[in-house]
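The values are calculated or read from the model by the stated rules, or taken from the named source; none is laboratory data. Just so it is clear, the structure is predicted and the values come from calculations on it, not from any experiment. Note: ideal-geometry Cβ built from the backbone for every residue, glycine included; neighbour counts use all protein chains shown. Heads up: the accessible areas ignore ligands, DNA and RNA and are worked out on the full protein's heavy atoms, side chains in. Shrake-Rupley method; radii C 1.70, N 1.55, O 1.52, S 1.80 Å.
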Amino acid sequence: MSIVTIRNVEFFNNPARFLDPYHFRVTFECIAPLKDDLEWKLIYVSSPGNEELDQELDDCLVGPVPVGVNSFEFEGLAPDPAKIPTEDVLGVAALILTGSYRDQEFVRVGYYQNTEYDNDDMKATPPEKIQFDRLVRDISTKLRVTRFQIKWDVVPQTQGHAAAGAAASAAVPSANDLDGDDANHST
C-alpha cells in the first residue's frame with residue numbers, strides 16, 4: 001500500500017513554446033504523516049534508447065507532509081537544446097514526473113510531448129538547422145502511471161482512512177489496472 005497517492009497533475013502552460021519553462025501543480029493525498037520530505041523530479045526523455053541523454057529539468061523537496069490532500073506548484077526549466085540529438089528534436093518525446101521518499105521511487109507519471117514548428121510552412125518543410133525559438137510543445141493529456149512498492153517508515157492512522165484515500169485517487173489509475181489502448185487516461 002502506498003502512503004502517498006497522486007490525485008492530479010495540472011499543467012498551467014500547455015501548449016507552450018519549446019523553450020518556456022514547464023509550470024504545473026501536483027495534488028496528492030497522504031494517509032500518514034511522513035518523517036522526511038518527498039522528492040519530485042521532472043525528466044525530459046528525447047531519445048528513449050539512450051538514457052544518458054535524459055535531462056533532469058528540475059527537482060524539489062516537499063515537506064513536512066501532513067495527512068490529507070496536499071498540493072504544490074512546480075516549475076521546471078525547458079530542456080537544453082544542445083543536449084538533444086537533431087534527429088530527436090521534432091516529433092514525440094517523453095516527460096516524466098517522479099516521486100520518491102528516502103531515495104525510493106514510489107511513482108512515475110509519464111506524458112508524451114509533441115514538438116513541432118509554429119507555422120504550416122515550417123512544418124511542411126523544416127529548416128535544415130533547428131530554430132528552437134519557432135518550436136512549440138504540446139503535452140498529451142493521456143498519461144501513464146507506474147507505482148512502485150517501497151518501504152515506508154510510517155503506517156496509516158486507520159484502515160478505514162486508507163481505503164477512502166485509495167478510492168478517492170481513481171483519477172490517476174495504476175498502470176497495472178489498465179488494459180491495451182485504455183492504458184492512457186487523462187487527468
Amide H contacts under 5 Å for Asp118, placed H, 5+ residues apart: Val136
Please report, as a whole percent, how much of the solvent-accessible surface of the stretch 26-93 comes from carbon and sulfur atoms (probe radius 1.4 Å). 48
Under 5 Å between amide hydrogens, which residues at least 5 positions from Asn13 or on another chain qualify, with H placed 1.01 Å from N in the peptide plane? His23
Could you list which residues have their amide H under 5 Å from that of Val65, counting only those 5 or more apart in sequence or on another chain, with H placed in the peptide plane? Leu34
The stretch 117-159 -> Rg/Rh from Cα coords, Kirkwood Rh, value 1.44
If you plug each phi of the stretch 105-116 into the Karplus form 6.51 cos²θ - 1.76 cosθ + 1.60 with θ = phi - 60°, what whole-Hz ³J(HN,Hα) values come out, in order, with x for Gly and Pro? 6, 10, 8, 9, 10, x, 10, 8, 10, 9, 10, 8
Charge dipole (debye, nearest 20) of the stretch 66-123; +1 at Cβ of Lys and Arg, -1 at Cβ of Asp and Glu: 380
Derived scalar couplings ³J(HN,Hα) [the stretch 60-72; Karplus, 6.51 cos²θ - 1.76 cosθ + 1.60; whole Hz; x for Gly, Pro]: 8, 9, 10, x, x, 10, x, 5, x, 8, 10, 8, 8
R0 of 22 Å, Cβ-Cβ distance Asn8-Lys35: FRET efficiency to nearest 0.05: 0.30
Which ³J(HN,Hα) values, rounded to whole Hz and listed in residue order, are derived for the stretch 135-146 from phi using the Karplus coefficients 6.51, -1.76 and 1.60 in 6.51 cos²θ - 1.76 cosθ + 1.60 with θ = phi - 60°, glycine and proline given as x? 8, 10, 10, 9, 8, 5, 7, 7, 9, 10, 10, 10
